[in-house]
1. Taking the Cβ-Cβ separation of residue 22 and residue 197 as r and a Förster radius of 30 Å, what is the calculated FRET efficiency to the nearest 0.05?
2. Lys and Arg at +1, Asp and Glu at -1: add these up for the other residues within a Cβ distance under 15 Å of residue 123 and post the number.
3. For the stretch 28-79 and the stretch 166-187, what is the centre-to-centre distance using only Cα atoms, to the nearest Å?
4. Given the peptides 189-196, 93-100, arrange them by the average over their residues of other C-beta atoms within 10 Å, most packed first.
5. Distances over 12 Å make up what percent of all Cα-Cα pairs in the stretch 130-180?
6. First measure r as the distance between the Cβ atoms of residue 41 and residue 189, then evaluate 1/(1 + (r/R0)^6) with R0 = 45 Å and state the FRET efficiency to the nearest 0.05.
7. Using amide H atoms built in the peptide plane, which far-off residues or other-chain residues are under 5 Å from residue 197 H to H?
8. At 0.36 nm per residue, and after removing the present C-alpha to C-alpha distance, how many nm does the segment from residue 179 to residue 118 gain when stretched out fully?
Amino acid sequence: MTDWTKEKTVEYITIQKHLHTKEKLGEYYDEWAPNYDQAVSSMGYIGPSITSNLLQKYVNSKNALIFDVASGTGLVGEVLANSGYSNIDAVDGSAASIDVARKKNIYNNLYVQWLGGDNKLNINNDRYDAIVCAGAFAYNHLKSDVFPELIRVTKPGGYILITMRTRWLRIEATFSDGKLEADMKKHEKERKWKLVEKKVKEEEDSEQNVVTFVHQVC
Ligand SMILES: C[S@@+](CC[C@H](N)C(=O)[O-])C[C@H]1O[C@@H](n2cnc3c(N)ncnc32)[C@H](O)[C@@H]1O
């Protein structure tokens with residue numbers, strides 16, 4: 001196994017800005033899947049723990065049905081399972097990442113699917129008590145066009161937690177100059193969901209700052 005130091009991981013992440021298609025992004029994550037967990041732990045990735053801590057504030061029942069969107073190899077699911085949540089499903093576009101996640105035996109249903117555009121989830125309306133999505137709103141990753149599907153599969157009163165690096169709000173063209181938050185507000189004006197919390201975790205290196213948006217579905 002390659003030794004994934006912090007430097008090597010940071011360098012590998014910078015490649016993402018050259019991955020302009022879903023196919024290229026898929027190859028990138030498929031190739032990374034066996035080493036992803038080791039790599040991101042070397043750089044102190046805290047997205048899963050931030051997400052889990054916030055979920056516990058909003059969803060008390062450990063039997064609640066949770067959907068880990070863009071789960072990757074299942075790091076968020078692992079933290080949720082360690083916190084006692086026992087009904088978790090996952091979706092990700094990278095088949096190799098979903099294979100790694102499957103082997104952890106923490107998810108009930110796992111789906112391999114790219115989200116966005118016209119791609120719809122083969123999941124009933126109002127199914128989940130909460131959606132968690134960590135590290136997936138980024139350059140050429142998930143965009144605001146997935147919001148309607150996320151809202152559709154979440155129960156009224158349920159929560160959608162999106163955790164992301166603040167720097168993507170600047171770098172990704174469809175998020176920059178407030179566009180991502182404007183798209184969130186558009187759905188709020190249409191009474192599809194309501195922002196209940198926006199929390200920024202500041203890091204020593206501000207490029208690593210993390211923001212979580214918690215919306216409650218109407
Ligand atoms: C940085 S990883 C985060 C994985 C996991 N949530 C975590 O916190 O470790 C981003 C994940 O988003 C997935 N992804 C990116 N764009 C996607 C899309 N449009 N549809 C489905 N999955 C997507 C990638 O395959 C990758 O596994």
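1. 0.45
2. Residues close to residue 123 contribute a combined charge of -2.
3. Cα centres, the stretch 28-79 to the stretch 166-187: 22 Å.
4. Result, highest mean Cβ count within 10 Å first: 93-100, 189-196.
5. On the way: 800 of 1275 pairs.
I get 63 percent for the Cα pairs in the stretch 130-180 exceeding 12 Å.
6. Numbers: r = 40 Å, r/R0 = 0.89.
So, using R0 = 45 Å, E works out to roughly 0.65.
7. For residue 197, the qualifying residues are 214.
8. Length gained, residue 179 through residue 118: 19.9 nm.
The values are calculated or read from the model by the stated rules, or taken from the named source; none is laboratory data. From a predicted model like this one, the values you see are computed outputs, not experimental measurements. For neighbour counting, all protein chains shown are included, and Cβ atoms are generated from backbone atoms with ideal geometry for every residue, glycine included. When the accessible area is computed, the model is the full protein with side chains, heavy atoms only, and any ligands, DNA or RNA have been set aside. Shrake-Rupley method; radii C 1.70, N 1.55, O 1.52, S 1.80 Å.
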